[in-house]
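Q: Below you will find the structure I want to go over with you.
Only the coordinates and a few stated rules stand behind these numbers; no lab work does. For clarity, every value in this text was computed on a predicted model and none was experimentally measured. Methodologically, a virtual Cβ is constructed for each residue, glycine included, from the backbone with ideal geometry; neighbour enumeration extends over all protein chains shown.
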Amino acid sequence: MKKTFQLSVEGKNRDRVLDAVKHEIRKYVRRERRRDVPAGADYWDFDCRFGITPDTAEAAHLNSLIGLVDAAAREGADKVYVEILAKPGHRKARPAGAVEAEPGELEG
């Protein structure tokens, strides 16, 4: 998905438009994750970019996209550009010496 979302639409409540934008982003990610993973891949990974315009878009993590949209709306942006591209992901094996912490155990 490569899309510029309008955050200010005449005749519509800005908060409802913002909710619709966030819903569309989440819906796209859910739809992509439901697709069958290609042979040799473990999961769907996503390359994301965010900015006010496509020219100023910078790489962003998928988990931070909704927060970035909220921040842009708070700053008064009229539109935002979001790019989300799905790619097959491969899990990496943990190093042999890595020890996993017990649940509830704090590292210190």
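Q: What are the residues in segment 45-79 that are assigned to a strand (DSSP E or B) and in contact with a Lys or Arg (Cβ under 9 Å, 6 or more places away or on another chain), if any?
A: So the first thing to find is which residues in segment 45-79 are assigned to a strand (DSSP E or B), and the list is 45-51, 58-60, 79.
D45, F46, D47, R49, E58, A59, A60 - these are the residues of segment 45-79 that are assigned to a strand (DSSP E or B) and in contact with a Lys or Arg (Cβ under 9 Å, 6 or more places away or on another chain).
Q: Can you tell me which residue in segment 1-34 is nearest to Y81 (Cα to Cα), limited to those that are part of a loop (DSSP other than H, G, I, E, B) and more than 17 Å from the chain's Cα centre (by Cα)?
A: Let us first name the residues in segment 1-34 that are part of a loop (DSSP other than H, G, I, E, B), namely 1, 7-13.
Narrowing further to those that are more than 17 Å from the chain's Cα centre (by Cα): 7-13.
Details: L7: 11, S8: 14, V9: 16, E10: 19, G11: 22, K12: 20, N13: 20 Å.
So, considering only residues that are part of a loop (DSSP other than H, G, I, E, B) and more than 17 Å from the chain's Cα centre (by Cα), the one nearest to Y81 (Cα to Cα) is L7.
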